[in-house]
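Step one of this worksheet: look at the structure below.
The values are calculated or read from the model by the stated rules, or taken from the named source; none is laboratory data. On a predicted model such as this, the values are computed, not experimentally measured, just so you know. Cβ coordinates were reconstructed from backbone atoms using ideal geometry, including for glycine residues, and neighbour counts include every protein chain displayed. All accessible areas refer to the heavy atoms of the entire protein, side chains included, with ligands and DNA or RNA removed. Shrake-Rupley method; radii C 1.70, N 1.55, O 1.52, S 1.80 Å.
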Amino acid sequence: MAKSETPLLDELEKGPWPSFVKDIKQAAEKKPMARDLLGQLELSYKEKIGHWKHGGIVGVKGYGGGVIGRYSDRPDLFPGVEHFHTLRVNHPTGWFYTTKALRALCDVWDKHGSGLTNMHGSTGDIILLGTKTENLQPCFDDLSDAGFDLGGSGSALRTPSACVGPGRCEWACIDSLDICYNLTMEFQDQIHRPMFPYKFKIKVSACANDCVAAIARADFSIIGTWMGKIQIDAQEVKAYAASGLNIREEVTDLCPTKCMNWDEGKKELKIEDGDCTRCMHCINLMPKALRQGKEKGASILVGGKAPILQGALLSTLIVPFMKLEPPYKELKELIRKIQDWWDENGKSRERLGELINRVGMRTFLKAVGLKPIPQMVKSPRTNPYIFFWPEEIKKEVK
């Protein structure tokens, strides 16, 4: 048996989980670029150092983003990956594809690139991994002919993403697919021409289950919600209790605001809707017995991000309820106000949430024309978080 040229990478193929090494080896059977990628990765594991270098500007005509330049620092050993650029391709909203579209995409990438893909990146884009500089423009031209466009990269609006929403989910309070598509078409310049201090992400979840993790990852989160009372089917509640569900332990005791009460004797569930935060924990556990309120809309939150520079931030609620209907004029105006303020005041590589933490929520709210609400209080009674302006105090004294 021939000795393996990649003994360290071979270890990553063992175990119960799918391995990216297996995929690269499969691509290497017909692509020299993928074979050199395996060789460079093996060298990196052996020497415990990465052999990629970034820098330089590569792209396609008319676009400032969508292509991420990557080069090998050992082209003498691995000429196939001397250039190994990445293309970010704007995904269809909700990640719904036809087989024809996927075949067209793969044909283009087989023609111009390594054949390796990442479906999908953390922002949601289709990631095409590895092509040479001279292939970028022809690849983009063929992608355009197939109906695809590039996504965002660098200090730009990153490609907006949304959950499947009403396409497949009964809990959708808003049409996340239409909102995401509408915003993507509205903000084309911000996606393709980097103009901001750093990245800006918009994510749309059609309900509080937040399947695209907007609250943890997006600078601007749109999350479906409702107004009014949760609808209760008393007979179905009793049926859940009879089936063995411990409503007290698994539902009411785990309610974050303790707004629910379960009467064991009467088999009766009551909800103080004014204290409900609409987290959907109870609805998820008893979907036949509880339904969302009838008036649907969205909550708007800002400032979420993953831990790259200053640690992770969860989003802050700034608009508890906004009715969202095409053409979403109010929503778009709010996005523009926030982006303009951040663009004017943010430091280089400072995300929106970090800027709000630096200058204060009070300053942010005044700039975008919103009033403080109780949901913005970070730690009630110990840290009011929102402070009066001096002129408001003087006005009150008079």
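Restrict the search to the stretch 258-365; then list the GluC sites (Glu not before Pro) that DSSP places in a loop and that have at most 13 other Cβ atoms within 10 Å of their Cβ. If you can, show how the numbers build up before the last one.
Working: sites: E264, E268, E272, E295, E330, E333, E344, E350, E354; in loops: E264, E272, E350.
Of the GluC sites (Glu not before Pro), the ones in loops of the stretch 258-365 whose Cβ has at most 13 other Cβ atoms within 10 Å are E264, E272.
Would you please state the base-10 log of I(q)/I(0) at q = 0.28 1/Å for the stretch 114-153, with intensities from the Debye formula using one equal scatterer on every alpha carbon? The Debye formula, applied to the Cα set alone, gives -1.17. Look at the alpha carbon pairs under 8 Å that are at least 6 residues apart: their mean separation over the length of the stretch 164-321 gives a relative contact order of 26 percent. Along the axis of the charge dipole computed for the chain (Cβ charges of +1 for Lys and Arg, -1 for Asp and Glu, origin at the Cα centre), the listed residues I126, L102, L254 are led at the positive end by L254.
Along the axis of the charge dipole computed for the stretch 144-263 (Cβ charges of +1 for Lys and Arg, -1 for Asp and Glu, origin at the Cα centre), the listed residues A213, C169, Q235 are led at the positive end by A213. The mean sequence separation of alpha-carbon pairs under 8 Å and at least six residues apart, normalised by the residue count of the chain, gives a relative contact order of 11 percent.
In terms of the ratio Rg/(2.2 N^0.38 Å) built on C-alpha atoms, what value belongs to the stretch 48-141? The partial results should precede the final answer.
Numbers: Rg = 13.9 Å, N = 94, 2.2 N^0.38 = 12.4 Å.
Rg over 2.2 N^0.38 Å, computed on Cα atoms: 1.12.
Take the Cβ atoms of R74 and F96, set R0 to 45 Å, and the FRET efficiency comes out at 0.65. Rounded to the nearest 20, the size of the Cβ-charge dipole of the chain about its Cα centre is 820 debye, with Lys and Arg at +1 and Asp and Glu at -1. Extending 7 Å from Cα along the Cβ direction at D189 and again at K337 yields two label points whose distance is 2.0 nm.
Can you compute the FRET efficiency between K229 and V377 using 1/(1 + (r/R0)^6), with r the Cβ-Cβ distance and R0 = 30 Å? Round to the nearest 0.05.
On the way: r = 25 Å, r/R0 = 0.82.
So the FRET efficiency works out to roughly 0.75.
The calculated Kirkwood hydrodynamic radius for the stretch 118-265 is 18.7 Å, given to one decimal from all distinct C-alpha pairs. Expressed per residue, the C-alpha convex hull volume of the stretch 79-193 stands at 109 Å³.
Extension gain, E392-K267: 0.36 nm per intervening residue step, less the Cα-Cα distance, totals 39.9 nm. Compared with the dominant principal axis of the Cα atoms in the chain, helix 176-186 is inclined by about 60°.
Per residue, the accessible area of the chain comes to 53 Å² when a 1.4 Å probe rolls over the protein heavy atoms. Among the aspartates and glutamates, which fall within straight-line cross-link reach of K53, defined as a Cα-Cα distance under 13 Å, with same-chain neighbours fewer than 8 residues apart omitted? Candidates past the 8-residue exclusion: D73, E82.
Averaging 1/r over each pair of different alpha-carbon atoms in the stretch 160-201 and inverting the result gives 11.6 Å, the Kirkwood hydrodynamic radius. In the stretch 145-231, the C-alpha radius of gyration followed by the widest Cα-Cα span (Dmax) gives 14.2, 49 angstrom. When the alpha carbon gyration tensor of the chain is reduced to an equivalent ellipsoid, its three semi-axes come out at 44, 29, 21 angstrom, largest first. Across all C-alpha atoms in the stretch 43-100, the radius of gyration and Dmax reach 15.8, 43 Å. Could you please state, rounded to a whole Å, how far the C-alpha centre of the stretch 94-161 is from the C-alpha centre of the stretch 331-378? Measuring centre to centre over Cα atoms gives 33 Å.
Between the helical axis of 133-145 and the longest alpha-carbon principal axis of the chain there is an angle of about 50 degrees.
The portion of the accessible surface of the chain made up by carbon and sulfur, rounded to a whole percent, is 53 (1.4 Å probe; DNA, RNA and ligands excluded). The value obtained for the stretch 212-367, namely the Cα convex hull volume divided by the number of residues, is 137 Å³ per residue.
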